[in-house]
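*Asks:* The structure that follows is given in the form of structure tokens.
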Amino acid sequence: MHLILNDEMGWIEVVTGSMFSGKSEELIRRMRRAKFANLEIIVFKHISDTRYDDTKVTSHSQVFIEAIPSSGVNEMRQIINDRYKNVKVVGIDEVQFFGDEVVDFCEELADKGIRVVVAGLDQDFRGEPFKPMDRLMAKAEYVDKFNAICVCCGNPASRTQRLVNGEPAYEDDPIVLVGASESYEPRCRKCHCVKKRG
Ligand code: ZN
């Protein structure tokens with residue numbers, strides 16, 4: 001995939017797309033290949049992401065890799081400085097949880113000669129760019145965007161539909177809805193729906 005001319009050269013790879021598009025699976029695949037090549041690797045996940053397991057990144061198809069849960073950029077930097085001084089490949093799953101400062105952190109690693117592989121959502125449920133993925137995609141050397149399959153019509157799905165009590169969410173619905181049952185599904189441009197009040 002990548003032609004490497006200088007092994008001191010770092011870069012940023014972004015794996016993005018809607019929910020259920022296989023982002024984590026692709027991140028895991030790349031990190032495992034680096035491991036098979038005997039490169040020292042580390043995978044981070046956000047501490048709030050406990051969907052399947054606390055210390056693994058797991059794809060929807062149950063492929064997994066060991067990961068270190070982290071609360072933020074300072075902690076990830078500390079862990080690398082303390083225990084992974086010779087790391088060659090750094091993976092970060094659900095990178096959008098880490099806020100804007102993760103962009104500079106990825107740049108800092110790549111500038112030091114580290115290959116950085118990040119996976120995360122490119123759009124929120126409204127179809128708007130998800131920060132800081134928009135900046136990361138601009139700064140990255142490589143961007144791969146994946147589609148899921150639309151649950152309504154079977155076409156490639158680039159968006160994530162938010163449902164509240166089974167109905168499309170309003171654009172201004174709060175992120176946390178107390179007492180409501182909430183779910184997400186992949187949808188195409190045509191079937192994606194964001195309700196507006198009034
Ligand atoms: Zn559709």
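The values are calculated or read from the model by the stated rules, or taken from the named source; none is laboratory data. In this text, all values refer to a predicted model and were calculated from it rather than measured experimentally. Methodologically, a virtual Cβ is constructed for each residue, glycine included, from the backbone with ideal geometry; neighbour enumeration extends over all protein chains shown. Remember, those area values only see protein heavy atoms, side chains included, never the ligands or the DNA or RNA. Shrake-Rupley method; radii C 1.70, N 1.55, O 1.52, S 1.80 Å.
*Asks:* Which percent, to the nearest 5, of DSSP beta bridges fully inside the chain are antiparallel?
*Replies:* DSSP beta bridges in the chain are roughly 35 percent antiparallel.
*Asks:* Highest mean first, how do 9-16, 114-121 rank when packing is the count of other Cβ atoms within 10 Å averaged over residues?
*Replies:* Top to bottom by mean Cβ count within 10 Å: 114-121, 9-16.
*Asks:* Rg over Rh of the chain, using C-alpha atoms and the Kirkwood radius, what does it come to?
*Replies:* 0.99
*Asks:* When the gyration tensor of the range 20-97 is built from Cα positions, what are the square roots of 5 times its three eigenvalues, in whole Å, from largest to smallest?
*Replies:* In descending order the semi-axes read 19, 16, 9 Å.
*Asks:* Give me the angle, in degrees from 0 to 90, between the Cα long axis of helix 73-83 and the longest principal axis of the Cα atoms of the chain, rounded to the nearest 10.
*Replies:* So the inclination is approximately 30 degrees.
*Asks:* As a test of the formula, what do you get for the chain when each DSSP H run with n ≥ 4 contributes -39,500 (n - 2.57) and the sum is divided by the residue count, at 222 nm and rounded to the nearest 500 deg cm²/dmol?
*Replies:* Computed ellipticity for the chain at 222 nm equals -6500 deg cm²/dmol.
*Asks:* Just the Cα atoms of the range 115-198: what Rg and Dmax do they give in Å?
*Replies:* 14.3, 48
*Asks:* How tilted is helix 23-36 with respect to the longest principal axis of the chain? Cα atoms for both, answer in degrees (0 to 90, nearest 10).
*Replies:* That helix lies at roughly 10 degrees to the long axis.
*Asks:* Moving on. In terms of modelled amide H atoms, which long-range or inter-chain residues lie less than 5 Å from the amide H of Phe44?
*Replies:* Ile68, Gly91, Ile92, Asp93
*Asks:* Just want the answer: with Cβ charges of +1 for Lys and Arg and -1 for Asp and Glu, which residue in Ile65, Phe105, Phe20 is farthest toward the dipole's positive end in the range 17-116?
*Replies:* The listed residue farthest towards the positive side: Ile65.
*Asks:* Given 0.36 nm per residue, what is the gain on full extension from Lys112 to Ser61 after removing their alpha carbon distance, in nm?
*Replies:* 15.0 nm
*Asks:* What length, rounded to one decimal in nm, is gained on full extension from Ser183 through to Arg29, with 0.36 nm per residue of separation minus their alpha-carbon distance?
*Replies:* Stretched out fully, the Ser183 to Arg29 stretch lengthens by 52.7 nm.
*Asks:* While we're here: For the range 183-192, what does the Karplus curve 6.51 cos²θ - 1.76 cosθ + 1.60, with θ = phi - 60°, yield as ³J(HN,Hα) per residue in whole Hz, taken in order and with x for Gly and Pro?
*Replies:* 8, 10, 8, x, 9, 7, 3, 6, 8, 5
*Asks:* Further question on the same structure: Can you list which of the chymotrypsin sites (Phe, Trp or Tyr not before Pro) found in the range 57-117 are DSSP loop residues with at most 16 other C-beta atoms within 10 Å?
*Replies:* Tyr84
*Asks:* Based on alpha-carbon atoms only, what is the radius of gyration of the range 19-59 relative to the globular estimate 2.2 N^0.38 Å?
*Replies:* Scaled against compact globular proteins, the figure is 1.23.
*Asks:* Can you pull the percent of the range 71-122's accessible area that's carbon plus sulfur, 1.4 Å probe, other chains left in place?
*Replies:* 39 percent
*Asks:* Further, regarding this structure: Count the net charge of all other residues whose Cβ sits under 9 Å from the Cβ of Pro69, scoring Lys and Arg as +1 and Asp and Glu as -1.
*Replies:* -1
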